[in-house]
1. Could we say that residue 264 is under 21 Å from residue 328 (Cα atoms), free of Cβ contacts under 8 Å to residues at least 40 places away in the same chain and loosely packed, with under 15 Cβ neighbours inside 10 Å here?
2. Among the residues of the stretch 285-301, write down those that are in contact (Cβ under 8 Å) with a residue 40 or more places away in the chain and surrounded by fewer than 20 Cβ atoms within 10 Å (Cβ to Cβ).
3. Which condition number in (1) farther than 23 Å from residue 85 by Cβ; (2) buried (at least 18 other Cβ atoms within 10 Å of the Cβ); (3) over 17 Å from the mean Cα position of the chain (by Cα) is the one that residue 166 fails?
4. Which of the residues belonging to the stretch 311-369 are β-branched (Val, Ile, Thr) and closer than 16 Å to residue 211 by Cα?
5. Return the total of residues in the stretch 197-234 being at pLDDT below 95 and at positive phi.
6. Which of the residues that make up the stretch 9-55 are assigned to a loop (DSSP other than H, G, I, E, B), touching a strand residue (DSSP E or B) at 6+ places or on another chain (Cβ under 6 Å) and under 12 Å from residue 67 (Cβ atoms)?
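The values are calculated or read from the model by the stated rules, or taken from the named source; none is laboratory data. Here the structure is a predicted model, which is why all the values come from computation and not from measurement. Note: ideal-geometry Cβ built from the backbone for every residue, glycine included; neighbour counts use all protein chains shown.
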Amino acid sequence: MDDGLMSQVSVAAPPVGFVASEKSLCNELEVSAEHCDRTGQILVVSDDRALPLALDLVQRMPRLRLRADPGAWRHGDATPDHPLADVDNLFGIAGWYEQHFPVGGPVDGYTPSKFLRATDRPARQALLEQTADLPPNIITRIAIEATVLEAVRRDDFLDDLAAHQGRKFSFIFADKKDPIAEYQRIEGLRQVLGEHPGSEVDHVDPLIAADALASGASWAGVGASSARRMPRRPGDKGGPNSAGYLPGLFLEELLELRSPMIYADWYANSRSPYCATCVRPLDVFEPTTTDKAVIIGHNLHQTTAHIASLVAQAPEARAAWLREVRLEAHARHMQLNPLGDMVLNRGLHRFLELDDPQMRSMSRAGAWK
Ligand SMILES: [Zn+2]
């Protein structure tokens with residue numbers, strides 16, 4: 001069923017791509033498209049105008065591997081009667097696919113899934129039923145509250161998915177803030193992917209992407225900016241885009257995603273982190289459109305390199321390799337942190353505690369208790 005998608009997967013590109021929107025002050029869509037056009041990685045356009053934007057990109061970059069996600073899930077909840085958007089007409093779901101994503105067209109797509117609340121099993125089951133028979137260029141989008149990964153809800157979720165064993169799902173886990181960086185949610189994600197290997201997760205950060213790929217995911221889509229790394233539920237209000245601020249920069253040596261202004265503070269008494277690809281120190285940027293785009297571009301190439309190192313390991317060795325990499329990042333963090341006041345990346349913090357053989361806990365700054 002997935003042959004159409006699988007046959008397009010390049011052997012050279014690592015199984016990570018990017019999710020970008022036009023609604024960004026950092027030019028993230030264009031920067032991401034140029035990156036993916038060079039590398040052969042997949043770009044997901046996640047935007048209310050995803051399809052026209054994607055068609056415009058592919059006209060200019062014919063080799064670009066694109067998926068369009070107009071994101072009905074961002075705007076309303078699925079119900080048992082209406083789990084999908086835009087299919088309540090004479091032509092139904094088949095007509096929707098034919099109109100927007102004809103097989104053999106230049107852009108792949110997702111089912112027009114509405115958002116699933118964690119407790120609404122009938123809506124979830126209806127969505128799974130109605131998307132059981134898809135054209136090869138469409139993946140089943142499961143955009144759902146991240147609380148569904150927690151122990152109290154997880155078994156119901158796994159039961160509903162198990163009725164569709166063998167299908168490929170594309171998961172988005174959303175919450176008001178930082179959806180997956182909690183112990184039970186990380187564990188739940190590992191279990192979901194373990195039971196549905198070959199599925200995907202996107203709208204995540206590089207740390208979650210790496211863990212998902214070590215847990216059985218076939219592909220992960222990392223957000224090109226924070227709104228695409230931490231998807232919200234319909235109705236959740238976020239902070240305004242602050243024009244003066246710099247986007248988070250992925251610093252692989254610390255497994256951090258912070259504003260370069262924070263790094264400037266952290267590295268005040270050490271040698272600045274430096275990127276040989278960007279040919280510049282990573283703690284000195286101006287809040288200009290140009291510099292913001294450089295940060296986005298750095299994140300794309302650094303994330304790609306990080307995931308390439310991960311998948312260079314044998315599949316059964318990847319989880320252990322990641323644990324080691326996290327411990328090294330943590331050690332560097334602690335070296336920079338003599339006063340014990342540098343808050344550790346929340347995701348890294350949770351991974352370290354979850355995987356600690358002694359089951360210790362740590363302070364927010366990363367000190368083992
Ligand atoms: Zn760089």
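1. On the way: under 21 Å from residue 328 (Cα atoms): yes; free of Cβ contacts under 8 Å to residues at least 40 places away in the same chain: yes; loosely packed, with under 15 Cβ neighbours inside 10 Å: no.
So residue 264 fails the test.
2. Taking the stretch 285-301 as the starting set, the residues that turn out to be in contact (Cβ under 8 Å) with a residue 40 or more places away in the chain are 287, 289, 291-293, 295-301.
Once the filter is applied, which keeps residues that are in contact (Cβ under 8 Å) with a residue 40 or more places away in the chain and surrounded by fewer than 20 Cβ atoms within 10 Å (Cβ to Cβ), the stretch 285-301 yields 287, 289, 291, 293, 301.
3. (2)
4. Hits for the stretch 311-369 are 311, 325.
5. The number of residues fulfilling the criteria is 1.
6. To start, the set of residues in the stretch 9-55 that are assigned to a loop (DSSP other than H, G, I, E, B) comprises 9-15, 21-27, 40-41, 47-49.
With the extra rule that they be touching a strand residue (DSSP E or B) at 6+ places or on another chain (Cβ under 6 Å), the set shrinks to 15, 21, 41.
Hit for the stretch 9-55 is 41, nothing else.
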